[in-house]
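What follows is a single structure, written as C-alpha cells, with notes after it.
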Amino acid sequence: MPTRSLSSKKQQAMREVAYLVAAGRQAIGLEEFTGWKTIRDTCENRGVLDSSNFGLAMGKLDGEGLRIKGKGAARELKINAAGYEKAGEIIIRMAGEGAK
C-alpha cells in the first residue's frame, strides 16, 4: 500500500492500516486475530506510526468493525463484516487516488 494513499493524519492512517492488515490476513485464513505488534510494525514500516498515540488510536477501533481482546502489547484485533466493509471503502478510496 502506498503511504501517500493513506490519510495524512497519522492517527487516521494507523487506523486505516489496522483495517487493511486485519482484513487481508484474516480473509485469507492466516489467523483468526491479528496481533497488536503486527499492526504496529506495519504502521512503522509504512512511516505512519505515532508511537505515543498508537494505543489510543487502536483503542478507538473497538466496536467499529473490529473487536479488541487482551491487554497491553498482547492485544489482538478481530475484524467483522462492518470492518471488512470499512477496509473495502479504504481500498476503493486508495484505488481512486492512484488513478489520478
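Since every read-out is calculated from the coordinates, none of them should be taken as a lab result. All of these numbers come straight from a predicted model, not from anything done at the bench. So basically every Cβ, Gly included, is an ideal-geometry build from the backbone, and we count neighbours across all protein chains shown.
Observations, loosely collected:
- Residue match in the range 80-98 (condition: in a loop (DSSP other than H, G, I, E, B), within 19 Å of Ala13 (Cβ to Cβ) and of a type outside the set (A, V, I, L, M)): no
- Count - residues of the range 46-70 that are closer than 26 Å to Gly29 by Cβ and either part of a helix (DSSP H, G or I) or free of Cβ contacts under 8 Å to residues at least 40 places away in the same chain (or both): 8
- Count - residues of the range 18-45 that are out of contact with any strand residue (DSSP E or B) (no Cβ under 7 Å at 6 or more places or on another chain), of a type in the set (D, E, K, R) and part of a helix (DSSP H, G or I): 4
- Of all residues in the range 27-43, none are within 19 Å of Ser5 (Cα to Cα), buried (at least 20 other Cβ atoms within 10 Å of the Cβ) and touching a residue at least 60 places away in the same chain (Cβ under 8 Å).
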